[in-house]
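Computed from the coordinates by the stated procedures, all read-outs in this text should not be read as laboratory data. Predicted model, so just to flag it, every value in this text is computed and none were measured. When we count neighbours, we look across all protein chains shown, and the Cβ atoms used for this are built from the backbone with ideal geometry, even at glycine.
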Amino acid sequence: MSKPYSGGCACGAIRYEITGEPLVSVDCQCRDCSRESGTGHASHLVFLRANANLSGQASFWDMTADGGNIKTRAFCPTCGSPVYMTFATNPGVFTIRAASLDEPHRYSPQMVTYRKSGFAWDQINSALPAFEKMPPA
C-alpha cells in the first residue's frame, strides 16, 4: 500500500489524509480554476471520496460549471486557502489542490483540461494529453 496523501490549508485549520492513489491528476485551464487560483490554471488530484478523512471546518462556495454540473469548492474560513472540491453529479470523488499537499512534489499531472481557455503565458507541459474541454467519460 502506498503512503497516504496528506495536506490541508495554509494555517492548518483544515487537514486531510487520503489513502490510495489518485484516479487522475489534472492541470485545468478553465476560467473558473484560473480565477480561483489567481494564475493560469489549477492543479488537482482526484481520489475516491471513501478514502478521504477530513478534519476542521471548511467554508463552501457552489458554482455551476460549463456543463451544468454544480462544483462545491471548499476553502479555509481563516486563511482563505482553497483545499478541496466536490461535484454534485459525482459524490464518490474528492478533488484536492496539489498545492495543499504536505508533499506537493508527489503531484504529477497526467492531462490538461480546458486547453481552449488557456493563456499563452501559462505554459503547461506540451507532452501531456490536452483536451479542449473535459475528456470523454
Using Cα positions and a limit of under 21 Å, work out the lysines in reach of LYS3, with same-chain residues fewer than 8 apart set aside.
-> none
Signed unit charges on C-beta, dipole axis of segment 5-115, positive-most listed residue GLY20, MET111, GLY80 | GLY80
Two-site FRET efficiency, SER2 against LYS133, from Cβ-Cβ distance with R₀ of 35 Å, rounded to 0.05 | 0.70
Starting from the Cα gyration tensor of segment 60-137, take the square roots of the eigenvalues, sort them a ≥ b ≥ c, and report rounded, prolate or oblate (rounded when a/c is under 1.5, otherwise prolate if a/b is larger than b/c, else oblate).
-> oblate
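Mind running the shape call on segment 4-73? Use the C-alpha gyration tensor, a ≥ b ≥ c as the square roots of the eigenvalues: rounded below 1.5 for a/c, prolate if a/b tops b/c, oblate otherwise.
Working: a/c = 1.64, a/b = 1.41, b/c = 1.17.
Since a/c reaches 1.5 and a/b is larger than b/c, the shape of segment 4-73 is classed as prolate.
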Distance from the Cα centre of segment 21-35 to that of segment 37-109, in angstrom?
-> 9
What is the local net charge at MET85, summed over the other residues whose Cβ is closer than 12 Å to its Cβ (Lys, Arg +1; Asp, Glu -1)?
-> +1
For segment 5-115, size of Cβ-based charge dipole, Lys and Arg +1, Asp and Glu -1, in debye | 140
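Charges at C-beta only: +1 for Lys and Arg, -1 for Asp and Glu. How large is the resulting dipole of segment 16-59 about its Cα centre, in Debye rounded to 20?
Details: 3 positive and 5 negative charges, 27 e Å.
In debye, rounded to 20, segment 16-59 gives about 140.
At a 10 angstrom cut-off on C-beta neighbours, averaged per residue, how do the peptides 31-40, 64-73 rank from highest to lowest? If you can, show how the numbers build up before the last one.
Details: 31-40: 15.2, 64-73: 13.3.
Final packing ranking: 31-40, 64-73.
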In sequence order, what are the phi-derived ³J(HN,Hα) couplings for segment 77-92 according to the Karplus relation 6.51 cos²θ - 1.76 cosθ + 1.60 with θ = phi - 60°, rounded to whole Hz, with x for glycine and proline?
-> x, 8, 9, x, 5, x, 10, 8, 8, 10, 10, 4, 7, 9, x, x
Out of these labelled values of Cα extents along the principal axes in Å, [x] 39, 38, 27; [y] 41, 31, 25; [z] 37, 33, 28, which was calculated from the coordinates shown here?
-> [z]
For the chain, what is the calculated [θ] at 222 nm in deg cm²/dmol (nearest 500), taking -39500 (n - 2.57) for each run of four or more DSSP H residues and dividing by its residue count?
-> -1500 deg cm²/dmol
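First select every other residue whose beta carbon is under 15 angstrom from the beta carbon of GLU103; then total the charges, Lys and Arg +1, Asp and Glu -1. Write out the running numbers ahead of the final one.
Values: positive: LYS3, ARG15, ARG97, ARG106; negative: GLU17, GLU21, ASP102.
Counting the neighbours of GLU103, the net charge comes to +1.
For the peptides 93-104, 125-136, what is the packing order when you average, over each peptide's residues, the other Cβ atoms within 10 Å and list the highest mean first?
Values: 93-104: 18.9, 125-136: 11.7.
In decreasing order of mean packing, 93-104, 125-136 become 93-104, 125-136.
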Provide the per-residue ³J(HN,Hα) series for segment 50-67, in order, calculated from phi with Karplus coefficients 6.51, -1.76, 1.60 and θ = phi - 60°, each as a whole number of Hz, with x at glycine and proline positions.
-> 5, 8, 9, 10, 10, 9, x, 10, 8, 9, 10, 9, 8, 9, 9, 6, 3, x
